[in-house]
Structure formats: structure tokens, C-alpha cells
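The values are calculated or read from the model by the stated rules, or taken from the named source; none is laboratory data. These figures come from a predicted structure and were not determined experimentally. Here the Cβ is made from the backbone with ideal geometry for all residues, glycine too, and neighbour counts use every protein chain on show.
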Amino acid sequence: MNQPTRTEFFMPESGDDRIRLTIDRTRVSGGPHTDFPLLVVVEDARLTPSSSGGIVKRESGSDIQFKLEGQAHPLPSEIVTYDSAKGALRAWVTVPTISETEDTELHVISRTFAEHKGQSGVWDEAYRLVIHDLSAPSDSTSEASIRTQKQLTVVPNNDRLNLRDAVTVEAWVDPAYPVAETIQPVISKWGLNSDLESFSAYDAGNTDGLDTSGFFGAVFDGRYIYFSPQHDLSDRHGKALRFDTHGNFFDSGSWEGYDAGATNGLNTKGYYGAVFDGRYVIYPPRRDPDNFHSRVLRFDTRGEFRDPGNWEAFEASGTNSSQSAAFDGRYVYLCPGQKSIPKQSSDEETDDSSPSVTGMSTDQLLISSGDVMRYDTHSEFDDPSAWRIQDVSDTGGLNTRDYDGAVFDGRHVYFAPLSYGAPLRYDTEAEFQDRSAWEAYDATLLGMQRCVGAVFDGQFIYYVPYGASEHAIRYDTRASFHDGASWSACHLPRIPGLNVLGFDGAFYDGRYVYYIPYWDAGDNFHGVTLRYDTGLPFTDPESWMATDSGVTDGIKTVGFNGGATDGRFLYYGAWMDGTGFPERIIGNGRVLRYDTTGENASFSLRYSDLGHNGGLCAAIPGTRFLVNTDRGVVSIASNSRPLEGRHHLAGIYDGRSISLYINGRLANTQAASGNIVRNDTHVCIGGMLDGTAAFRGGIGEVRVSSLARSAGWIATQYTNQSDPASFCRIAP
């Protein structure tokens, strides 16, 4: 532990050998703040060495001190840089009290002390880690040995960083890659499980007295996992299900069901995937008991889940159905699925035999659709002008119809091809109805057959092989979309005793891509999770592993459709296990969950996080702060695209709430509780321990504190560090 500077004696200074500084009270928020670490940045000819006419006695500037008016002893300080030629000084000084009601004055002096032991003592006991500059990292609060590992700064774990009740994590960031949709950790004490064993299961099929079974995908809103209603034990349904991630997974009280099947007097049943736009959960329409439909359903997360007044529906475009969606922070892009027309009105044939249309009327002809529907979330939900349709059929001369899931990489929306092997993408910086903004690639040349969902790891788009498809395919977003070298394929691994085939959606946790088990296009509805290690070569069989979790906690857990993650657990969407198929669909409510971290995680402050995580869901969480507690993970996100340029981030947890601050302002907060998990995981700056997700850009002024800093403290700190010359100026 560092001790304050010890001083035996000093000589009193005169007005000629001191420089008076004033802390501007109007720049202070809240308070008074005690033992505040003040950043002082000044330049003055008087700060040159005495040989040049200044007051500084040593060329190194080591004799520069700070003191308050009328006090004998200097304040604890830490000189960061000193330019003797310019008289330019950058230093940290502990000021006993600063207030928004009166200015605070202090003096810069130069004195040689008889005894000067220990380090500066600027950082009090609550500061557990302070690193100013990652180019030459050192901890100002300890003598910890900090190392660089694979472009990360690693601070070895110690008891001071194993916090329990509260934490504040903060840093300045300057992103070189400011995309909206990728995991970019800034400061993390977060380790991932290398095994594939930590599964648990819960049957939510009879929640609140409803038949809550059979769902297509899910989405996370920062607290709740919402499952999208599709088909229960007997028919297409509109019974929405959600799980409170702050509750016990195995407690029925953590689950809620609501029958939204007749919202606004419409037939609101049969949905596919879900989108969270920062306030509303939007359910893309798939098909009701009779036909495909386009009645979009949404729920206002600011209201009670079972209150009908918080649900609304809008008829967007007849029988043109959707299969999940993507979200770019403003627009929702509904994936073109299928539509139907009476058989007598057309002679058109189709080769699509998707099992998802089991039960379709024999009087209807199934047609694959190329109509992408876009909704502007900045407009009224029921305003027809907020909804636009673009027919992208035959883009690039390929069959660009019938897509199932989409992802967003920060600029482009990528649509996963269900039927025809032609990945499609749209440039969101161009006009929606400009055909040149749409591109397609013939991936059948790589063995692509059918896909359901995709996921993005920050560089690659992974398309999920569905049914009998034998190849996993990925695209490198940093290379040309039309260059064959940008694409790679891996034959699904052959693992003794396991049928590794047929997946539906995928997750990415910061290192591993998990393919969600569904059906192999034959008789096998399975529970085999396939996992790829993104730190290893894509085509190497040793990079892949699989496990059969088809029976978990005594429950049959097979046949899933998409899912969502709360940052620690992966939740697989309960769909069907094949009973009665193909003659009929019988849904189930058996939710499977995998723990990606266990006890290996404590906290993670991320410049951006991944919202399209599960293969069939969409969100833009933006900047996020996560804390792993003994009750599960809690988190808070900005729910907006992360800012470009240099800015300050701070995550705060106090055992009662969790909050996120951006540039000194509260971005979001919510109630949260639990003790922070203690472990031996190292703190990593710029990434996660042994992860592949990384922040690309500059990071500075990293701090971890063992208490929850106040809103006023965070705002004052930001104001001081963003413009130190105005905050503390040389007095006349």
C-alpha cells in the first residue's frame, strides 16, 4: 500500500516563488467531494527551471509540489509529465475538498524536502487500480506487475481486485473501429469456460396457467429474455413468455406468460424472432393458424407485461411473412420469408418444403418472397409511411428469396438464406430502395445449402447450417463481399457417437461460436450443441467440439429455435422435439441454458456489445456494463449506437442498482442486487482473458474502485479530465 509523502521540514514560500491556481466552482457537480484526485494541466514561464528564470529548482521537476493557502504541508501529488523548456506540467493532486458553492485555491510551489519517502498517495484506499497510459502501464495504487499479452494489458489478480459489495469501473476510450454490433471489452475481469458441460434446463410450458410452449427465437432487453410465440401443443399461438434474469431460473415466479393473441382486435398469433429497439420488443409476423400474415406485434417494456394496454399490433402488408429481423439502431429490417396465394390464381411452383409450414391449407400455394420490409422506429408504429417494402428478388442474378435471420455488422445487414444458398447484404448508408445498395453472393459453390440464422464475432459472419447441410460457412467482413477468398467453408466435424447436423441459430460469447441444436432433416430432433473456437483455424477439426445435452436435469431438451443471452447464460428457445412430426407440430416449453463463465467472471465494461446474439434476434445494446453476482449476471446498456471519438465510460454497481455513465452523464440505470463473484481471473484491459473479442482503439485513465462513485463525482471527474485547463486555471 502506498503511503503519503512524508515531510520533515520546508521553507515558507514567498509570493514570487509560487503560482496560484483556482478550481472553478461552476465546473463542479454535486459535492462537496473529498479527497478528489484533480488533474492539473498548466503551462507557465514561471514553471521553468530557476536557471531560466523560473521557480523550479530541479530540471526533472521532482521538487514541484502543491499546497492549499495557509497550510504548511504539501498535498499528495503525482507528476505525470513535465517539460522544463516550456514550463508545461501535467499532474494529479489530491484536493481535500472541492465544492460547487465556492472556488478552491491552491498553489504550485517548488521546495526541496529533507526527507521524501514513499510514492505520491494521490489515490485513496478505494482506488484498487489506476493506470494512466497503456503504452507504459503501471498501477499508481500498487506495485503490481502488469504485462502485455496478445495486445492486451493484463493485471494479475490480487485480493484488492476481488470486490464483493460495490465497484466502479471507468476509462477513457478512443475507438478506431466504432461499429455498433460487436463485443469490444474495455476493462474486464471476465473469464470463459473452456468446457462444454454447464447446462441446465427448466420447463416453462405451463406459465401463469397458459400453454406457453413452442417459440421461434428470443431477445434480451437488459433484464428479461422474451420468447417469440409460434406454435403450442395444438396450434399457432400468441402467448408471449419472458424470464427475469435477475430471478432464479428454476423458480416459476421468475417466469411470466401473457396471451397477446388478439391484440387490437387482430389475429396476432405465430411470430418469428424478436427485436429490442431500446424500449419496445417487436415480434416479426410469420403465420397464424390459417395462413402467412404481416400483423406486427410489439410490447412496451416500460409497462407491466400482462397489461393489455402495453401491447399493440399493426397490419403491415397482407400475407407477406417474415422470418426474424435485423436492427441498425433506427430501422428494423424484416427478413423476407414466404407468402401464399390461392392455388387457382397461379401456376407457379415452388421447391421449398420447409417443415415450418406444416399444417398449411392445401388450397394455398407457397411462394418464396423477396420482399424486405423496413420499419422506422423514429416514427409512429401505426403510421403506414413508417413501413416500406423493397423487392430484392434476383439480386445479382441469383435467387434472393426466402431468408431466415439476419445480423448487422455496423454498416451492412446480412440476410441468411434459408432455401437458395445466396447470402444477401444491404448497405445501410445507401438508400433503402436503391438496388445498387443490395448485393448477393453464390455460396452454393462452397457447399451452402440451407441456413437458419447467423452471428457476428467482430470480423466474421457465421452462417448457421440447417437441416441436412454439411458445411459451416463464414464471411470475412474486412474483405470484398464478392471475392471468393473472403469466404471459407468447413465440413461439419465427424464426432464418434454424435450426429453433428442440423442447427437453428447461434451465439458468440467473446471467444466461442455455439450452434443451436434443432433437426437433421430426417427423424432426429437433437440436443447436440456444436462449438467453434474462434481463436483457432476455422477448417481445423481440432477447433471444434460438440456435446449432447439432449437430456438435462431429467428433462428432454432437444429441438430448439434460436435464443438469447444475458451476457453470461445462453438461453435456447424452446420449440419442439419432433413428437407427431411431420403430420403435426407439438410445441414444448423446455428451455435449455448454458453457463459461459460460471464463477470465472466479476465485471466487464464494454464499449459495445452484441445484440444480434442468438441467430434470430436483434438489438443494439451499445455500451454495456456487466457485473456477475451470486444471483446471476446483471447489466446496464445505453441501448443506442456507441459514440465515435474520444469519450469517458463509467459503470457503477452498489448492490442495489447498476448504472452506466457516458461523458459524465447518466445513460441508463436499473435495480440490481447480489454479491459480486470473487475469483482468480485477471483483469484485462482491451479484451477478455483468453477471449478473441477485443477493443480496437486507445484506452487511458483506467480505474477500478471498491465503492460506488456518486453521479456528481463522475460528472466532476469527466469535466476536469475533458478540459483540465478550464477546470483548474492559473489565477491572475
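Taking S228, is it crowded, with 24+ Cβ neighbours inside 10 Å, part of a loop (DSSP other than H, G, I, E, B) and among the polar types (S, T, N, Q)? Outline the logic, then answer.
On the way: crowded, with 24+ Cβ neighbours inside 10 Å: yes; part of a loop (DSSP other than H, G, I, E, B): no; among the polar types (S, T, N, Q): yes.
Criteria not met by S228.
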Review point. Do we have any residue at all in the range 25-43 that's aliphatic (A, V, I, L, M) and either out of contact with any helix residue (DSSP H, G or I) (no Cβ under 9 Å at 6 or more places or on another chain) or not assigned by TED's automatic domain parsing to the domain that holds T104 (or both)?
Key: no
Only unsatisfied item for G697, checking (1) outside the structural domain of P178 (by TED's automatic domain parsing); (2) touching a Pro at 6+ places or on another chain (Cβ under 6 Å); (3) not aromatic (F, W, Y), is (1)
Of the conditions (1) on the phi < 0 side of the Ramachandran plot; (2) part of a loop (DSSP other than H, G, I, E, B); (3) in contact with a Phe, Trp or Tyr (Cβ under 8 Å, 6 or more places away or on another chain), the single one that V93 does not satisfy is (2)
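Residue-by-condition table, conditions (1) touching a residue at least 24 places away in the same chain (Cβ under 8 Å); (2) basic (K, R); (3) part of a strand (DSSP E or B); (4) over 25 Å from R646 (Cβ atoms):
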position: N668; (1), (2), (3), (4): yes, no, yes, no
position: R678; (1), (2), (3), (4): yes, yes, no, yes
position: C684; (1), (2), (3), (4): yes, no, yes, no
position: G698; (1), (2), (3), (4): yes, no, yes, no
position: V702; (1), (2), (3), (4): yes, no, yes, no
position: R709; (1), (2), (3), (4): yes, yes, no, no
position: G712; (1), (2), (3), (4): yes, no, no, no
position: T716; (1), (2), (3), (4): yes, no, no, no
position: Q721; (1), (2), (3), (4): yes, no, no, no
Checked the range 468-518 for anything within 18 Å of Y420 (Cβ to Cβ) and aromatic (F, W, Y); matches are Y475, F481, W487
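Looking at the range 170-184, which of its residues are within 14 Å of L134 (Cβ to Cβ) and buried (at least 22 other Cβ atoms within 10 Å of the Cβ)? Talk me through it step by step, then tell me what you get.
If we filter the range 170-184 for residues that are within 14 Å of L134 (Cβ to Cβ), which is where we start, we get 171-174, 176.
Listed by number, the residues that qualify are A171, V173.
For the structure I just gave you, tell me whether G309 is assigned to a loop (DSSP other than H, G, I, E, B), of a type in the set (G, A, S) and outside the structural domain of F625 (by TED's automatic domain parsing). Steps first, answer last, please.
Working: assigned to a loop (DSSP other than H, G, I, E, B): no; of a type in the set (G, A, S): yes; outside the structural domain of F625 (by TED's automatic domain parsing): yes.
So G309 fails the test.
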S469 fails exactly one of (1) more than 27 Å from the chain's Cα centre (by Cα); (2) small (G, A, S); (3) surrounded by fewer than 23 Cβ atoms within 10 Å (Cβ to Cβ), namely (3)
Among A416, A437, the single one that is among the aliphatic types (A, V, I, L, M), in contact (Cβ under 8 Å) with a residue 40 or more places away in the chain and in the same structural domain as G522 (by TED's automatic domain parsing) is A416
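For the range 272-291, what are the residues that are closer than 21 Å to G318 by Cα and either crowded, with 24+ Cβ neighbours inside 10 Å or β-branched (V, I, T) (or both)? Write out each step before concluding.
Kept after step one, since they are closer than 21 Å to G318 by Cα, are these residues of the range 272-291: 272-275, 282-291.
Scanning the range 272-291 gives Y272, G273, A274, V275, I282, Y283, P284, P285, R286, R287.
Looking at the structure I just gave you, is I109 assigned to a strand (DSSP E or B), in contact with an Asp or Glu (Cβ under 9 Å, 6 or more places away or on another chain) and at pLDDT 95 or above? Before the answer, list the steps.
Working: assigned to a strand (DSSP E or B): yes; in contact with an Asp or Glu (Cβ under 9 Å, 6 or more places away or on another chain): yes; at pLDDT 95 or above: no.
It is false that I109 is assigned to a strand (DSSP E or B), in contact with an Asp or Glu (Cβ under 9 Å, 6 or more places away or on another chain) and at pLDDT 95 or above.
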Per the list (1) modelled with pLDDT under 95; (2) in a strand (DSSP E or B), residue check on V40 breaks on (1)
Among (1) part of a loop (DSSP other than H, G, I, E, B); (2) assigned by TED's automatic domain parsing to the domain that holds V513; (3) buried (at least 22 other Cβ atoms within 10 Å of the Cβ), V219 falls short only on (1)
By residue number, the members of the range 533-548 that are within 17 Å of P496 (Cα to Cα) and touching a residue at least 60 places away in the same chain (Cβ under 8 Å) are M545, A546, T547
